1. What are the ³J(HN,Hα) values, in whole Hz, obtained from phi via the Karplus relation 6.51 cos²θ - 1.76 cosθ + 1.60 with θ = phi - 60°, for each residue of segment A:279-286 in sequence order, with x given for Gly and Pro?
2. Could you pull out every residue, at least 5 positions away or on a different chain, whose amide H is within less than 5 Å of the one on B:Phe95? Hs are placed 1.01 Å off N in the peptide plane, and Pro or chain starts have none.
3. Select from B:Leu56, B:Leu176, B:Leu103 the residue whose mean-square fluctuation is largest in a Gaussian network model of chain B (Cα-Cα springs shorter than 10 Å).
4. Based on the alpha carbon coordinates of segment B:166-241, what radius of gyration and maximum Cα-Cα distance (Dmax) apply, in Å?
5. Take the Cα gyration tensor of segment B:111-241, multiply each eigenvalue by 5, square-root it, and list the three semi-axes largest first, rounded to whole angstrom.
6. Looking only at other chains, what is the average number of their beta-carbon atoms within 10 angstrom of each beta-carbon in B:99-106?
7. Using only the Cα atoms of chain A, what do you get for the radius of gyration and for Dmax, in Å?
8. What share of the DSSP beta bridges in the protein assembly as shown is antiparallel, in percent to the nearest 5?
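No lab work stands behind these numbers, since they all come straight from the coordinates. All values reported here derive from a predicted model rather than from experimental measurement. No Cβ is skipped: glycine too gets one built from the backbone with ideal geometry, and neighbour counts run over all protein chains shown.
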Amino acid sequence: MYKLLIILRYLRRKLTPMFAVLAVTLCTAMVIIVISIMGGFLENMRHAAQTLEGDVIIQGDMTGFPHYQELITQIEKMPKVKAAAATINSYGLLNLEDGLHTVEIMGIDPEAMDKVVGFRQTLFWTPEKIRESLDRHAPPADASDIAKRNYQLQREFLEKLNLADMAMKLQAPPEWSPRPRNDSEQPDATREVKPAPAIVPGIHVGGSNIRDEKGQYDFHNNRTISSAATLTVVPVTKSGGLLEPAARKLIVVNEFKSGLYAIDANRVYVPLGLLQEMLRMDAHADVDPETGATTGKMNPGRVTGIVVKGVPGTDVNALRDGIYQQVKTFVSSHPDTLIYRVETWEEKHSTFLGAVLKEKFLVTILFSFISIVAIVMIAVIFYMIVLEKTRDIGILRAIGASWPGIMSIFLGYGLAVGIVGAGLGFALAAAIVKNINAIQDFLTRFFGLTIWNPEVYYFDQIPSQMNPVEVTVILIVAVIASVLGAIVPAILAARMNPVEALRYE
Amino acid sequence: MSNPPALPLLKARDLHKTYRMGGQPLHVLRGVDLTVAGGEWLAVLGASGSGKSTLLHLLGGLDRPEEGDVAYHGENIFDYGNGKLDRYRNTQVGFVFQFYHLLPEFTALENVVMAAQISSSLLSWPGRRKAARQRAGELLASLGLGDRLRHRPNKLSGGERQRVAIARALINQPALLLADEPTGNLDADTGRQILEVFAGLHRQGQTIVMVTHDERIAAAADRRLRLEKGRLALGAASGVN
């Protein structure tokens with residue numbers, strides 16, 4: 001009983017243990033913050049990857065596989081499947097206003113894709129975003145009336161536009177579509193304007209979108225929306241030969257932002273039917289390669305992949321296995337359907353996700369080494385405390401305290417320092433993690449320090465996520481480390497000769 | 001038929017103790033024999049460095065001799081296991097030191113109660129706590145410290161600190177009070193007051209072994225022995241056993 005009393009009293013009345021508590025607090029907070037940021041980063045990556053690919057991807061080769069509608073119907077009947085959508089993945093050139101870009105082209109049916117990956121949510125320019133951007137650039141109160149009026153007109157016009165709806169149809173409004181031309185290649189005012197097919201590039205395809213220091217994009221800088229872009233693709237034959245390149249003029253109706261920079265800088269979405277047609281993967285009459293005459297058969301349309309979304313809470317690996325079996329059965333009854341891979345989104349991005357995961361592990365190891373320094377620090381501080389309390393140890397031994405009793409005082413002291421330090425460290429880490437973006441804004445505003453540069457990293461905001469299991473483990477390790485740090489000084493205290501301790505000056 | 005002779009409270013036999021000072025052995029005790037009868041007040045006189053404190057530490061089980069034994073009620077305390085020796089120091093012996101040796105973080109009352117607390121487990125203490133605190137309060141009050149219970153040692157005078165130390169030594173009602181120069185750090189008046197406290201305790205039947213270099217202080221005891229050249233010699237009054 002006296003041990004508890006002494007521990008509490010020593011803890012309360014001396015400055016030295018406060019340093020030990022501070023060491024544990026800082027170490028605990030540091031590890032929790034780093035793990036939370038790395039964890040948040042990883043989680044955001046996973047979320048971004050999942051919103052791009054769904055849960056399971058059925059992949060064919062570049063020439064695609066037929067009967068995909070039938071396969072989708074079969075897969076969608078599986079109990080754990082929420083939705084499935086056909087896609088074509090290809091590569092090509094995109095001639096935007098600012099130049100030519102190589103792009104990864106994804107042909108999709110936006111409505112079907114939305115059911116699988118939440119396509120609509122990745123569309124960047126929503127009425128709210130445009131409004132926010134315009135608000136940031138409203139003319140000042142002393143601006144000229146003309147400037148104010150221009151701004152108002154522009155605002156009214158833009159607010160009426162629903163870029164998200166346009167992107168969901170992948171179709172440009174007639175007023176943006178090119179007017180049909182007459183025989184002499186002049187625009188023909190008498191002919192009806194048909195809505196042109198649309199394209200949705202990633203927000204970093206081309207250079208028109210620049211993030212400001214807060215990671216925000218300004219709509220008024222955007223020169224891409226409503227402009228025409230020429231997409232060029234090269235169809236390939238089943239034997240790998242190249243066919244005549246196909247080029248189409250498309251209108252940019254919106255941009256998407258998945259959060260993964262590599263995707264946002266390279267990918268464009270176009271209508272599935274259009275890409276099928278450009279890549280000669282649409283349904284067409286079969287031609288005899290010898291004679292060049294049609295055989296009277298029809299070749300069905302093809303796609304290169306199917307993305308599948310499981311019902312919430314489904315184990316993706318089990319879902320993949322189920323789909324694999326389904327695909328296997330399907331392929332055996334449709335020998336012309338060449339599918340070479342069924343994988344989860346995590347498997348598809350395993351190299352990238354694995355790198356981040358390993359980075360997190362590496363950082364944890366590095367910080368564990370730093371924590372060893374903290375243990376040594378605690379040992380030194382405790383040794384100082386033992387020296388300071390040498391006479392007390394002699395007194396306690398003289399009035400009957402046992403050596404295990406003395407040892408347990410210092411071990412208990414270490415435990416108490418660990419518990420208090422870990423508790424404070426947790427509170428500090430929680431406060432910092434919760435407000436990390438506000439702290440960074442503050443540092444940027446007052447000291448010009450930018451810790452997290454949104455122009456460099458994948459995400460606008462510093463990602464952070466406190467994982468309860470990881471935090472619990474860190475707190476337990478911090479407490480154990482404190483007790484470990486106290487062990488040697490505690491043994492020294494217990495082995496002290498009481499007579500010498502009493503004489504200690 | 002005669003009754004067998006009563007066992008002495010404490011009997012030290014042929015105690016030897018050597019320290020190393022600057023690499024040289026210093027044979028402080030060279031075969032000390034001593035008997036302490038229950039209820040007596042014994043003073044051991046000796047010059048500084050003569051081994052008085054060492055003798056007291058051996059009698060109290062705080063240190064171990066190279067040779068010899070200390071029999072308490074006929075049992076050699078150095079044959080005890082660690083736990084039993086700790087209990088001996090806690091319950092059978094009470095130490096009073098020249099420099100008081102109070103725990104600076106604790107109040108006068110807490111310092112006294114601490115000795116009672118040490119012998120209690122976490123579970124048994126709540127049942128003993130009230131009685132122990134009451135006895136500590138009474139002891140301190142009887143030593144004139146009734147209004148100093150909640151003062152820390154640094155707020156007490158030397159005499160007050162020594163009285164707190166006496167109260168602490170007495171809290172577990174030990175059979176033997178071991179005092180090491182109890183007045184050595186006090187002025188003459190305060191020293192006299194402390195000596196009166198010892199005299200009062202002695203009148204109530206407390207066995208006291210006190211070591212001092214001061215003949216006048218030793219004069220208050222029933223029996224005086226002198227520690228010279230590592231051995232006990234006859235003091236002013238009684239004989240060596």
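1. With coefficients 6.51, -1.76 and 1.60, one gets 8, 6, 10, 7, 5, 8, 5, 6 Hz.
2. So B:Phe95 has HN proximity to B:Leu178.
3. B:Leu103
4. Rg, Dmax (Cα atoms, Å): 12.8, 35.
5. Working: eigenvalues 182, 64, 30 Å².
Working from the Cα gyration tensor, I get semi-axes of 30, 18, 12 Å.
6. Working: counts 3, 1, 8, 2, 8, 5, 9, 5.
Average neighbour count from other chains, rounded to a whole number: 5.
7. For chain A, the Cα-based Rg and Dmax read 32.8, 115 Å.
8. Details: 66 of 92 bridges.
The antiparallel proportion sits near 70 percent.
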